[in-house]
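**Student:** I have a structure I would like to understand better, so I am pasting it below and will then ask my questions one at a time.
The values are calculated or read from the model by the stated rules, or taken from the named source; none is laboratory data. In this text, all values refer to a predicted model and were calculated from it rather than measured experimentally. Backbone-built Cβ (ideal geometry, glycine too); neighbour counts: all protein chains shown. Only protein heavy atoms, including side chains, enter the accessible area calculation; ligands, DNA and RNA are left aside. Shrake-Rupley method; radii C 1.70, N 1.55, O 1.52, S 1.80 Å.
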Amino acid sequence: MTRRPMIAGNWKMNKTPAETRAFIEALLPQVDAELACDLLVIPPYTSLDLAGRLLADTGVRLGAQDLHTSPSGAFTGAISAGMLDACGCAYVLVGHSERRHVFGDSDATVNAKLRAAIAGGLTPIFCVGERSEQRAAEQTTAVLAHQLTEGFAEVAATEASDVLIAYEPVWAIGTGETASPDQAQDAIRFIRNWVADQYTASLAEGMRILYGGSVKPNNAAELQRQPDIDGALVGGASLEPESFLQIVQAAGRGAS
Ligand code: PGA
């Protein structure tokens, strides 16, 4: 089965609305209609409405970095799936390592967010990954299995088939230290096998699983050449249109 790669740019806490406009206006003329992959930008909340309007009817999709578990209510500072949808978001990150490790999102919270995203009509990109000490202790697959089991609790196959997963080893995020293509392939193969065991082989075959963690223009093609890697979740290198597009082009070469 051919899975269409996705290159997603997670801007984290970067870019004002004016900077968002400048990025998108520089990006769009360079986006080739014949692109071999899906393109997704994930700005901060304060830029989503503007980005949604600028990206409407273009080939570039919009995602959010997080969401609250409830559709509305007394949750000061929180944003719901419905609000994201109204800004033009089709995707949302769930369980990014910074949410888990900096903001303390538990497995139960991440599971509730995954289900809230699905219920709200958004496509979740569910993030998993081990810390460096867990890799050193050879616990990588146990950590991934745990995060997947907790994260997908009470998620039916019909719902899981719409989810993307991003494997992002915590030690590779923002450090310049990328997982080797073999390390990334092995972890993503493990995740795909988990999905096959939990759901069905065909669901697992169709599921897009991205790699994230210090993806740059010079390593994107080699990562993308791995049989189970279906694109990249890019942080730092997604902040400039040039490097983001170089990754998109490199991924296209890796995919072909
Ligand atoms: P990075 O971030 O590319 O800057 O390592 C990736 C991510 O956190 O999604």
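**Student:** Within the chain, which is the longest segment containing none of the GluC sites (Glu not before Pro) that sit in a DSSP loop and have at most 15 other Cβ atoms within 10 Å?
**Tutor:** With a cap of 15 other Cβ atoms within 10 Å, the longest stretch comes to 35-137.
**Student:** Right, another one. Could you run the Karplus curve 6.51 cos²θ - 1.76 cosθ + 1.60 with θ = phi - 60° over segment 149-164 and give me ³J(HN,Hα) per residue in whole Hz, x for Gly and Pro?
**Tutor:** 4, 5, x, 8, 4, 6, 9, 6, 4, 5, 7, 4, 5, 8, 8, 9
**Student:** Once you've got the GNM for the chain with C-alpha springs shorter than 10 Å, pick whichever of A64, A232, A145 has the biggest mean-square fluctuation.
**Tutor:** It is A145.
**Student:** Under 17 Å Cα-Cα from K12, which aspartates and glutamates qualify once same-chain neighbours fewer than 8 residues away are excluded?
**Tutor:** Counting by Cα, and skipping residues close in sequence, K12 has these aspartates and glutamates nearby: D49, D66, E98, D105, E168, E240.
**Student:** With a 1.4 Å probe and every protein chain kept in, tell me what percent of the accessible surface of the chain is carbon plus sulfur.
**Tutor:** Using a 1.4 Å probe with all protein chains present, the chain comes out at 50 percent carbon and sulfur.
**Student:** Something else: Please list the non-local residues whose amide H lies under 5 Å from the amide H of Q65, H modeled 1.01 Å from N, same-chain partners needing a gap of 5 or more.
**Tutor:** Here the answer is L93, since their amide H atoms fall under 5 Å of that of Q65.
**Student:** Using the C-alpha atoms of segment 6-255, what convex hull volume per residue, in cubic angstrom, is computed?
**Tutor:** It is 117 Å³ per residue.
**Student:** OK, next. Hey, how many Å between the Cα centroid of segment 72-126 and the Cα centroid of segment 195-226?
**Tutor:** 22 Å
**Student:** Using a 1.4 Å probe, what is the accessible area per residue for the chain, in Å²?
**Tutor:** 43 Å²
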